[in-house]
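Please treat every number below as a calculation from the coordinates, not as lab data. On a predicted model such as this, the values are computed, not experimentally measured, just so you know. Positions of Cβ are generated from backbone atoms using ideal geometry, with glycine treated the same way; all protein chains shown enter the neighbour counts.
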Amino acid sequence: MARMLLSSTCEEQRSVVRYLWAKGHSPSEIHRDMRDVYGDDCLDHSNVSRWCAFFQEGRMNLSDSPRSGWPVTVSTPQNVRAIEAAILKDRRVHLQTLSQTFNISYDAVYDIVNDTLKFRKVSARWVPKNLTGNHKGQQMMTSLDNLTRFAAEGHDFLKGIVTGDESWKYHYTPETKRASMEWKHVGSPVKKKIQSDSIC
């Protein structure tokens, strides 16, 4: 099973395209394989096809050619603040979207988000239950009652406990782990996704 990469550069993905193209894979096969690893940040099919054509023509440079309209210096304080505001507004925004919105190369956006702003994309932490303080208090009192009875009745008390031998659980996740990923700083709290339990 392929491992999902949480971040990558355009040059890295283009080098993968070049490698798979050299092995004789079609653009559709390359794009399908890369989607398994890069997820939503993967180059789209048209870009994969375009780079396959470049390599067919003999191109070796993996970097973007300079485009009119891209500023020479992209990591300006204004760009950094604007990108930070966009991320804080939508924690799930993709780097490709930021690149298109601010007319900045993908690699420049990647450097701003990861190196300057120190954001990392993390998925919600799955936890089996979300116990409140009241729930925890009830569990503690029940445990104390059982300990008290065990101290008074000994092992005979254990014979009166009825236990079940099966536990049925259901877990519903309306989105993929990748889709739940959000931009966070190192010290930011991680969201939790709670499992719903049903015991029969």
Rounded to the nearest 20 debye, dipole of the stretch 10-56 from Cβ charges on Lys, Arg, Asp, Glu: 260 debye
Cut-off 11 Å between beta-carbons: net charge of the residues surrounding residue 96, Lys and Arg +1, Asp and Glu -1: -3
Residue 60-residue 28 pseudo-label distance in nm [points 7 Å out on the Cα-to-Cβ vector]: 3.3 nm
Sites residue 131 and residue 6, calculated FRET efficiency, Cβ-Cβ separation with R0 25 Å, nearest 0.05: 0.25
Extension reserve of the residue 158-residue 37 stretch, reckoned as 0.36 nm per residue once the Cα distance is removed: 38.4 nm
Net length gained if the chain between residue 45 and residue 141 were fully extended (0.36 nm per residue, minus Cα distance): 28.6 nm
